[in-house]
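First up is the structure itself, then whatever we jot down about it.
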Amino acid sequence: MSAEDLENYETEMELQLYREYRDVVGLFSYVVETERRFYLANHVDLQARSADGEVYFDVTLNDAWVWDVYRTGRFVKNVRVITFKDVNVEELPRNDDLGLSQAGDLGN
C-alpha cells in the first residue's frame, strides 16, 4: 500500500464519519469536546473536582456517540472522562428552536 493509498483511505474514512455525524446529530442534545475526543450526548454531567491542589474535570455522558474513525461501534450507553484539560459542552438547538417557518407559512 502506497502513502497515497493510505491517505486516500483515511480521507474516505473521515468523509464517511462526517456523513454519519450529519445523520445522527439531530438525535442528541449536547456536543462535548475534550482534549482527546468529540462526543454527541443526550445527558451530560460535568463536575469540577480537586485533589492535592489540582483541579480536574469528571464528565459523565449518557446515550452518546463518539467521533472516532477507528471505532466500529460509535454509539455508547455511558462514557466517563476524567481530564485536567478543558472540556467544552454546548447545547444543540432543537429543530423547533431554530425559528424556521412552517412550510405553509413561507412567503406569507
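The distance between label points at residue 69 and residue 20 comes to 1.3 nm (points 7 Å beyond Cα on the Cα→Cβ vector). Note on the chain: Rg/Rh from Cα positions, Kirkwood definition for Rh, rounded to two decimals, is 1.11. What the chain shows is 75 Å² of accessible area per residue, with the surface traced by a 1.4 Å probe over protein heavy atoms.
Please report the net charge: other residues with Cβ closer than 11 Å to the Cβ of residue 75, K and R +1, D and E -1. In short, +1. Cα extents for region 27-79 along the principal axes, largest to smallest and rounded to whole angstrom: 38, 22, 15.
Each of the chymotrypsin sites (Phe, Trp or Tyr not before Pro) that DSSP puts in a loop and that has at most 11 other Cβ atoms within 10 Å breaks the chain; the longest unbroken stretch is 1-69. Between residue 76 and residue 33, the modelled label-to-label distance comes to 1.8 nm, taking each label 7 Å out from Cα in the direction of the beta carbon. Ligands, DNA and RNA left out, the 1.4 Å accessible surface of region 1-62 is 45% carbon and sulfur atoms.
In plain terms, the chain is cut at each of the trypsin sites (Lys or Arg not before Pro) found in a DSSP loop with at most 10 other Cβ atoms within 10 Å, and the longest leftover piece is 37-84. Here the dipole of the chain is about 400 debye; that uses its Cα centre as origin and unit charges on the Cβ of Lys and Arg (positive) and Asp and Glu (negative).
The values are calculated or read from the model by the stated rules, or taken from the named source; none is laboratory data. Bear in mind the structure is a predicted one, so any value in this text is a computation, not a measurement. Here Cβ is always computed from backbone atoms with ideal geometry, including for glycine, and neighbour counts include all displayed protein chains. For the accessible areas, the whole protein counts, side chains as well, though only heavy atoms, and no ligand, DNA or RNA atoms are used. Shrake-Rupley method; radii C 1.70, N 1.55, O 1.52, S 1.80 Å.
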